[in-house]
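One structure below.
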Amino acid sequence: MRALRRLQCSALHSRAWSRAGSGSYSPPWYPVAENSYRIRSFCSGADRGLLHGTRLRSYWQQQRHRSWSFAAAALVAVSAVGLAIAISDGVLNPPLAVAQDKNTGKKKKIVILGTGWAGVSLLKDLDDKQYDVVVISPRNYFVFTPLLPSVTAGTLEPRSITEPVRRIVAHRNVMYCEAECTNIDHVTKTVTCVDCAETKPSRPHVEFKIDYDYLVIAVGCQTNTFGTPGVAENCHFLKEVEDAERIHQNVVDCFESASIPTLSDAERRARLNFVVVGGGPTGVEFAAELYDLVYEDLVDLYPVTRDAVSITLIQSGDHILNMFDERISKYAEDKFKRDGINVQTNCHVNAVKENEVETTEKKSGQTVMIPFSLAVWSTGIGTRPLIRKFMEQVGQKNRRVLATDEWLRVRGCEGVFAVGDCATIEQRKIMEDITYIFKLADKDQNGILSLEEFKEAMETIRGRYPQIDMYLKSHHLANTMSLLHEAKQLGQESEVELDIDKFKQALAQVDSETKLLPATAQVAAQQGTYLARCFNDMDYCEEHPEGPVRVRASGRHRFQPFRYKHFGMFAPLGGEEAAAELPGDWVSIGRSSMWLWYSVYLSKQVSWRTRFVVLFDWTKRFVFGRDSTRI
């Protein structure tokens, strides 16, 4: 059939060219583009259709030939690049040395407790080829906790801010166990766990033990009730996804029950009293999200409730958002006042009863009862039972959280690290090592420090004692020479000489700037990333230490101490407005800050899947409004 069609086309072209009076010739199944119009003009209708079909088939044959050629060339190029990378990885970049036990020759095992910000940040950056990694957590997913208030208002779906742990560790040498750690034995280096699977009563939970070489405790914290009666029984917390879902369901329930037509106005108002205890970022953001949900969505669906809603924010301090700049606190209070949110500052909560909160005004001492239909408690963090039990074992029972050194190692425990909200760094004081620092600085051992010796000593120890830089910044001092008040007074810096007493006097106030890091997701994430780098470079830094000089011994520390870098804080205030406090004492308030909040939180998502679904939820909210279903 193909040969017959070629003969037809050959005859067709010969007939067309003879009519055109042209002596040139081209193969009939590859018509020349510039002569195609001449051929077509001298063909009949039937011949023209046959020629057109032939030309199309010829064209696609050429394109297919070219496509296969291009695909073959691309395959060769990709193969060459892959081969080059493989060769370079094997020759130029040999694989990292595996961290092995010197006695058994096996890879060392790292056990990570928790899948929060610190645990997941560590897990994502940890080189699993060097270690056997085991993750233990009763929660088999990671939660983007800063967006929990958006879940309470139906702005985001609960699963949009979660990422399964097994998806994070897919195709990696990591074992995950959905279990809860009940005991840590740092002497035998084992952890006792109980599986958390919801099983039938006839199938009991399994208890098991796992040994470790390195243990990373990243279990986070729980809400602190400060022993206030009735909080656990009558208040909602906002720490987990389940908490946010319950709050959303109860908000919708309040509006459904308040829409019963036989209710009086007083009864309707009693069912729509919302109280938020805690004026920190979480409490303020939840109050703002609740206000937007009520007045942008729910009052249109429940028109009889428009004038019956009351939102009260209780704060024990002088201002809400007191960890932010004073301008932000003032703006937030003024905006809430304009919106009709009742902000009660300087109020101490005595007890929470079934339908009312008992508070005491600090200034007047008067007791005030605030009724509520739904109360959310968002004040401070508390210690989990596992951490409290472990702290008693290691001699830290009088503390609120675990104490670690600047390298995130739990004090008194070999091979145990703690990151995130369950621990805090105890920065070593300069005055504890002042004698050793003086000896280190006194090069000629004459008991007197010259100006050059003092300057060199300060540059040497600044990496070990970050409070020096914090003190210089807070007091607006140019450099470490500004610590020498005698040099300023004499006006002759070159003649300044310091003995041990004057040296102590110059650095006496520096330790006052030692501060604890805030319990935020930003701190926890940076700690996890830092610890992953330490594990990845442990063997290399054993031979090539990169840390600061040891003041009580010779040599250097293996690693640089952990340094927190503050990237700023956000506080959404509702109505598409937000407040931002960024590095460099830069404060921004308004709609532009809200769009910055959107972009930053979207970029900080743990995976591309959560980025897409969060962006989709935000878009859906702009178009269709917030979710008001009770699911």
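The values are calculated or read from the model by the stated rules, or taken from the named source; none is laboratory data. These numbers were taken from a predicted model, which means no experiment stands behind them. Neighbour counts are summed over all protein chains in view; Cβ atoms, including those assigned to glycine, are modelled from backbone coordinates with ideal geometry. For accessibility, only protein heavy atoms count, side chains too; no ligands or nucleic acids. Shrake-Rupley method; radii C 1.70, N 1.55, O 1.52, S 1.80 Å.
If a residue has to be closer than 17 Å to Lys439 by Cβ and either touching a residue at least 60 places away in the same chain (Cβ under 8 Å) or in contact with a Gly (Cβ under 8 Å, 6 or more places away or on another chain) (or both) to count, how many in region 539-555 make the cut?
Looking only at that region, the number is 4.
Being in a helix (DSSP H, G or I), open to solvent by 30 Å² or more (accessible area, probe 1.4 Å) and either free of Cβ contacts under 8 Å to residues at least 40 places away in the same chain or of a type in the set (D, E, K, R) (or both) is the filter here, so list the residues in region 384-404 that pass it.
Once the filter is applied, which keeps residues that are in a helix (DSSP H, G or I), open to solvent by 30 Å² or more (accessible area, probe 1.4 Å) and either free of Cβ contacts under 8 Å to residues at least 40 places away in the same chain or of a type in the set (D, E, K, R) (or both), region 384-404 yields Pro385, Arg388, Lys389, Glu392.
Among the numbered criteria (1) touching a residue at least 40 places away in the same chain (Cβ under 8 Å); (2) open to solvent by less than 40 Å² (accessible area, probe 1.4 Å); (3) more than 22 Å from Leu290 (Cα to Cα), which single criterion is violated by Ala571?
Of (1) touching a residue at least 40 places away in the same chain (Cβ under 8 Å); (2) open to solvent by less than 40 Å² (accessible area, probe 1.4 Å); (3) more than 22 Å from Leu290 (Cα to Cα), only one is false for Ala571: (3).
Which of the residues spanning region 110-130 are of a type in the set (Val, Ile, Thr) and assigned to a loop (DSSP other than H, G, I, E, B)?
Matches in region 110-130: Thr115 only.
Of all residues in region 422-453, which are open to solvent by less than 20 Å² (accessible area, probe 1.4 Å) and among the acidic types (Asp, Glu)?
Residues satisfying the conditions are Asp433, Asp442.
So, in region 250-273, exactly how many residues are in contact with a strand residue (DSSP E or B) (Cβ under 8 Å, 6 or more places away or on another chain) and open to solvent by 70 Å² or more (accessible area, probe 1.4 Å)?
The total comes to 1.
So the check is Cβ under 7 Å with 6+ separation or different chains; which pairs have a first residue in region 583-600 that's free of Cβ contacts under 8 Å to residues at least 40 places away in the same chain and a second one that's part of a strand (DSSP E or B) and open to solvent by 80 Å² or more (accessible area, probe 1.4 Å)?
Pairs found: none.
Give region 226-242 a look and list any residue that's open to solvent by less than 40 Å² (accessible area, probe 1.4 Å), part of a loop (DSSP other than H, G, I, E, B) and either within 24 Å of Ile631 (Cα to Cα) or in contact with a helix residue (DSSP H, G or I) (Cβ under 7 Å, 6 or more places away or on another chain) (or both), or say none.
Hits for region 226-242 are Cys235, Leu238.
Output yes when any residue across region 256-272 is closer than 30 Å to Asp405 by Cβ and either assigned to a loop (DSSP other than H, G, I, E, B) or of a type in the set (S, T, N, Q) (or both), and no when none is.
no
Give the number of residues within region 344-376 that are open to solvent by less than 40 Å² (accessible area, probe 1.4 Å) and part of a strand (DSSP E or B).
Final tally of qualifying residues: 11.
Can you spot a residue in region 156-164 that is in contact (Cβ under 8 Å) with a residue 40 or more places away in the chain and under 23 Å from Ala532 (Cα atoms)?
Checking region 156-164: at least one residue is in contact (Cβ under 8 Å) with a residue 40 or more places away in the chain and under 23 Å from Ala532 (Cα atoms).
Farther than 22 Å from Arg563 by Cβ and either in a loop (DSSP other than H, G, I, E, B) or open to solvent by less than 30 Å² (accessible area, probe 1.4 Å) (or both) - does that describe any residue in region 454-470?
yes
In this structure, is Glu245 within 32 Å of the chain's Cα centre (by Cα), open to solvent by 30 Å² or more (accessible area, probe 1.4 Å) and over 30 Å from Gly279 (Cβ atoms)?
Spelling it out, it is not the case that Glu245 is within 32 Å of the chain's Cα centre (by Cα), open to solvent by 30 Å² or more (accessible area, probe 1.4 Å) and over 30 Å from Gly279 (Cβ atoms).
Give just the number: which of (1) assigned to a loop (DSSP other than H, G, I, E, B); (2) touching a helix residue (DSSP H, G or I) at 6+ places or on another chain (Cβ under 7 Å); (3) surrounded by fewer than 21 Cβ atoms within 10 Å (Cβ to Cβ) does Asp318 not satisfy?
(2)
Kindly indicate whether any position in region 320-337 is among the hydrophobic types (A, V, I, L, M, F, W, C) and touching a Lys or Arg at 6+ places or on another chain (Cβ under 8 Å).
no
Do we find a residue being part of a loop (DSSP other than H, G, I, E, B) and at pLDDT below 95 anywhere in region 592-600?
No, every residue in region 592-600 fails to be part of a loop (DSSP other than H, G, I, E, B) and at pLDDT below 95.
Evaluate region 210-217: report whether one residue or more is within 23 Å of the chain's Cα centre (by Cα), closer than 30 Å to Phe286 by Cα and part of a loop (DSSP other than H, G, I, E, B).
no
Six or more apart or on different chains, Cβ atoms under 7 Å: show the pairs whose first residue is in region 433-454 and under 17 Å from Lys502 (Cβ atoms) and whose second is at pLDDT below 90 and of a type in the set (Ser, Thr, Tyr).
Within 7 Å, the pairs are Leu451/Ser494.
Step by step: first the residues of region 189-201, then only those that are modelled with pLDDT of 95 or more and of a type in the set (S, T, N, Q), then the one that is nearest to Ile110 (Cα to Cα). Which residue is that?
Checked region 189-201; the qualifying residue nearest to Ile110 (Cα to Cα) is Thr190.
Looking at Leu156, Leu148, which is the one that is open to solvent by less than 20 Å² (accessible area, probe 1.4 Å), on the phi < 0 side of the Ramachandran plot and part of a loop (DSSP other than H, G, I, E, B)?
Answer to the check: Leu156.
Residue by residue through region 302-314, note down the ones that are out of contact with any helix residue (DSSP H, G or I) (no Cβ under 8 Å at 6 or more places or on another chain) and modelled with pLDDT under 95.
Pro303, Asp307
Quick check, is Arg563 part of a loop (DSSP other than H, G, I, E, B) and touching an Asp or Glu at 6+ places or on another chain (Cβ under 7 Å)?
So Arg563 does not fit the description; no.
Are any of the residues in region 512-528 of a type outside the set (Gly, Ala, Ser), touching a helix residue (DSSP H, G or I) at 6+ places or on another chain (Cβ under 8 Å), buried (at least 16 other Cβ atoms within 10 Å of the Cβ) and farther than 28 Å from Val600 by Cα?
Yes, region 512-528 contains a residue that is of a type outside the set (Gly, Ala, Ser), touching a helix residue (DSSP H, G or I) at 6+ places or on another chain (Cβ under 8 Å), buried (at least 16 other Cβ atoms within 10 Å of the Cβ) and farther than 28 Å from Val600 by Cα.
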